[in-house]
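I have placed the structure first, in the form of structure tokens, so that the comments after it can refer back to it.
Bear in mind that the values in this text are calculations on the coordinates, not laboratory data. What you see is a predicted model, and the numbers here were worked out from it, not measured in a lab. Neighbour counts run over all protein chains shown; Cβ positions are idealised from the backbone, glycine included.
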Amino acid sequence: MPRWEYLIRRLILSVLVLLGVTVITFTISRVVPSNPAALWVGPRPTQEQISRAREILGLDKPLPVQYIRYISALLQGDFGVSVRTHQPILTDLRTYLPATLELVIAAMLIALGIGLPLGVLAGAYKGTLVDAIARLIAVACVSMPTFWLALLFQLIFFSNLHWLPVSGRLSTVIKLTHPIEQVTGFYLIDSALAGDWELFRDALVHLILPAFTLSTYALGLTIRMTRSSMVEVLQERYITTARAAGLPEREIFFKFALKNAIVPTLTVLGLSFVYSLTGAILIEVIFSWHGLGTYVTEAVLAVDFPVIIAVTIIVTVFYVFINLALDWFQAILDPRVTLG
Amino acid sequence: MTEPLLRIEDLYVRFRTDEGTIRAVNGVNLEIMPGEMFGLVGESGCGKSVTGLSILKLVPHPGRITRGKIWFRGENLLEKPESAMREIRGRHIAMIFQDPMSSLNPVFTVGHQITRVIRRHHHVSRREAWERAAGTLDDLGIPDPERVMRSYPYELSGGMQQRVMIAIALSCGAELLIADEPTTALDVTIQAQILELLNALRIRRGVSILMITHDLGVVAETCDRVAVLYAGRVVESGPTDAVLQAPAHPYTQGLLNALPRPSARRKSLQAIPGSVPGGIEEIPGCPFHPRCALADDLCRSKTPIMTPVDSSGAHLAACHLIGKSEG
Amino acid sequence: MQRWLGDIIRRNEARLLEYRRMGRAFRRDVLAVASLIVIIAFALGAIFAPWLTPYPEQGEGEPNLSEKFSPPSPEHPFGTDNLGRDVLARVLYGGRSSLSIGLMVVVIAVAIGTPLGALAGYFGGWVDELIMRVTDMFLAFPPLLLAIAIASALGNSFTNAMLAIAITWWPWYTRLVRAQTLSLREREFVAAARGMGVRTPTIIARHILPNVMTPVLVQATSDIGSAILTGAAMSFIGLGVRPPTADWGAMVSTGRVYFLGQPWFAAFPGLAIFLVTLAFNLLGDGIRDVADPQTRRSVQ
């Protein structure tokens, strides 16, 4: 099967999954709650607000009609209005999404940068001390309550060592003296574009603790996955061929074996990316990082239901497209993929 | 008399597993002369592949070479450090395997894989390595080498893959090629072509080949001399014609009887009763006695040593019955 | 018929032997045994909490404002919290909600996922298509966020939080069981039973389900750890048990405000979450190692 045909088939499947996803969110927001109009309005609704919400939501119409209206609104980017901020949710997302993405991408780079070499070494030297240490780190990482680790990091690196700031995306002083021009919403990129290195440095030191905390789960998964696929690949005949040709071990591990072993790792990392978008919820609260997480947590406390659903849909869309991107990447890395 | 290119002396390999220690190789001795095609034959599980891997010191975990010497060009390989072995692998001794598809790395092009090995052992530019690789492929009779080199392994046929493996093995000018069941996974017609190719290489380039196979037919067609392996021991060895026409060991006789021969009188095929021992329990006496119809008390208690079968002294077998039948 | 019965007996005997071998291998795994001990200790601590602490009423939630923020001492080994309650008592009591949410989530998820997976794998065709597409859709959601949305829609309570997490979890078991069933369906003893006219529900109950239970149990063990972690995250946000009931995630959530000054108050419940999750993960790994025949590699 030609590569483009394979990718188009994957694309169509993704659209189908997204359709299914909207059915589920529709069910959660309109069918499951005993009084969806009250959820839409928020806590302590007046009778008038409820009847207006019933009209807006079209709750008097039959379910299929409601669903079609729901979908067409979503397609226009209309996620409704936040009960708490009275802003269209789309506007809120524009400021919060980049903040979360900056944090999550940094965390994924950390997970990949540490987890991949550690996983390769653990797999290559299976059964040795390196392997035992790497496995222990991995299982500790996936068992770690990140919200708790975040507190420990703050205690150690802020309170005791005074190395890093406790929270926020920028220091107050810097924020006042260095106005940031929002281009991408990623402070690191925006400050670099503006050539303001003091701002860049400040943004970077603020990013370190939350990014490392957020990376733990992905780090654990990356180590585990890389290790196990390395163990599997290293038993392959072509590894013996490479050894029989006298190639150095380092090249066998990090090039010949890794290119075969890396696909499952990337898949896991893609999944972790999406899980980290939700994992960021807890971390953002602790580090006062104003992103999707703080947005959703405040929504939970204020029973701001439209926001919860909107964020769920956004993150799910990310999930589906990241999976698509991974398929595409896999097709590039492994020439055999498009055969199946 | 010329010096042998390779001499294996008293080689022992053990695998320590949870179920017990597997005695894979139990004192193998053999010599390979320069330019010779030497057959190592036996059923699967007899230790022939492990013997081949031992020469390169690539016995897989948890296996270990516990005793013996492997002399190559006047040096004992078993005393060499890993770094020195890496210089020898691919450069002086090369190896090809049964299933060419799984022996080639699926995610790199053929050209990448050949040139990488060339550049490992010779200080040449990428360009020169590429041309040299194309030259080797051309030399092996592969049409359109450039196209083959730009292909991924899965895009080639099994026979072509095995030719590529041979090209990788010989691109650096190895003196010894270890061929572990090189034709088993291939179609009959392709088998013949590959064997012919190996034979031609031996004659043209003077490469010695250790042909590891379970197929006596392959041995009969290609090998100058042969050693029969059973339970990790050489039980019979000698010039191919002598061994195949006058097998002295009951096991070799059994193997020959199990071989379909259209020319021979129509005698039904006979499988050897029983199966190859697992290698965990130590068998007292002759390792073959539990499956041997002629075994007596001596066979059950004393391990036979290799003794000359005929006056030439080149044909040897490890069987107590040899002396008896003559004396 | 007799041959068929004999086959079943032989398979049961083989399974028994296999379990014995697994038991022996398990006992050699120090980490797994230690994990089991940690889990049992936490479970006993939660069950017998009222008898293990001198302050059971504080464990239940009663404030003791005269002793606010006491650092760890012989009377209060883990210190006291912002309402003066003994943190050790709260951690013991908190184990009740955290352990039960972990266990119940997995039980519900297995109860939904296993039969669906068996149906999809056994019948194939449109049944399979339908079940697996629905599964795909649920898998497309990030679990924590979907659980948050469901718990918000159902209303904030312990049971709803548990249900919400379980709803995000079952598809994994459906996938696992379907894959196992697909290979079992083609096996001789299933074909024999089908040929003898045994009814389909009986075949699934007698022949398919018992054989998929090992991988399901392996998966479930590790999952209890992750479910506890998810439950703690939910209650950290404020979804799940309501105060004054003790819960580890909620304790860390309250304690984080005071963390830089009085770290003990969030540190110990957080440590409890970490240790229990770690123990379940290690136990799961240990069971996987002894149950997975692939790790026993044969030598050529």
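Figures for the structure shown
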| quantity | calculated |
| --- | --- |
| Sequence-separation-based contact order of chain A, relative, with Cα cut under 8 Å and 6+ spacing, percent | 28 percent |
| Charge context of A:ILE180, other residues only, Cβ under 11 angstrom, K/R +1, D/E -1 | -2 |
| Theoretical FRET efficiency, 1/(1+(r/R0)^6), r = Cβ-Cβ of C:LEU182 and C:LEU16, R0 35 Å, to 0.05 | 0.85 |
| Relative contact order %, chain B, counting alpha carbon pairs below 8 Å whose residues are six or more apart | 21 percent |
| Exposed-site-free run, longest, chain C (rule: chymotrypsin sites (Phe, Trp or Tyr not before Pro); DSSP loop; at most 15 other C-beta within 10 Å) | C:70-300 |
| Highest-MSF residue in chain C out of C:ALA246, C:ALA151, C:ALA179 [GNM, Cα springs under 10 Å] | C:ALA179 |
| Listed residues B:GLY45, B:GLY232, B:GLY90, most fluctuating in chain B (Gaussian network, C-alpha, under 10 Å) | B:GLY45 |
| Ordering of A:49-60, B:73-84 by burial proxy (mean other Cβ atoms within 10 Å per residue, highest first) | A:49-60, B:73-84 |
| Partner lysines for B:LYS80 [C-alpha distance under 18 Å; skip if fewer than 8 residues away on the same chain] | B:LYS57, B:LYS69 |
| Nearest-ten-degree value, helix C:158-185 long axis tilted from longest Cα axis of chain C | 20 degrees |
| Other protein chain Cβ atoms within 10 Å, averaged over every residue that makes up C:148-158 | 6 |
| Rough spin-label spacing in nm, given labels placed 7 Å along Cα→Cβ, for A:HIS86 and A:LEU333 | 5.0 nm |
| Order by protection proxy (mean Cβ within 10 Å, highest first), peptides B:118-125, C:139-146 | C:139-146, B:118-125 |
| Most fluctuating residue given options A:LEU170, A:LEU292, A:LEU152, as computed from a GNM of chain A linking Cα atoms under 10 Å | A:LEU152 |
| MRE, 222 nm, helices only [DSSP H, n ≥ 4, -39500 (n - 2.57), over chain A, to nearest 500] | -23500 deg cm²/dmol |
| At least 20 Å along the helix axis (C-alpha) and Kyte average at least 0.0, DSSP helices within chain A | A:3-26, A:89-124, A:129-143, A:197-233, A:258-286, A:305-333 |
| Shielding by partners, peptide A:245-254 (average Cβ within 10 angstrom, other chains) | 5 |
| Between 0 and 90°, nearest 10: helix C:2-28 axis offset from chain C longest Cα axis | 30 degrees |
| Calculated FRET efficiency for the pair A:PHE158/C:THR202, C-beta based, R₀ 45 Å, to 0.05 | 0.10 |
| Charge sum, other residues only, whose C-beta stays under 13 Å from C:PHE123's C-beta, Lys/Arg counted +1 and Asp/Glu -1 | +1 |
| Reachable lysines, given that their alpha-carbon falls under 23 Å from the alpha-carbon of A:LYS61 and they are not under 8 places away in the same chain | none |
| Chain B, helix-only ellipticity at 222 nm - DSSP H runs n ≥ 4, -39,500 (n - 2.57), divided by all residues, nearest 500 | -9500 deg cm²/dmol |
| Sparse-neighbour loop sites [chymotrypsin sites (Phe, Trp or Tyr not before Pro); region A:66-158; at most 12 other C-beta within 10 Å; DSSP] | none |
| For residues of A:96-106, the mean tally of beta carbons on other chains within 10 Å | 0 |
| For chain C, calculated [θ]222 nm from helices alone, where every DSSP H run of n ≥ 4 adds -39500 (n - 2.57) | -25000 deg cm²/dmol |
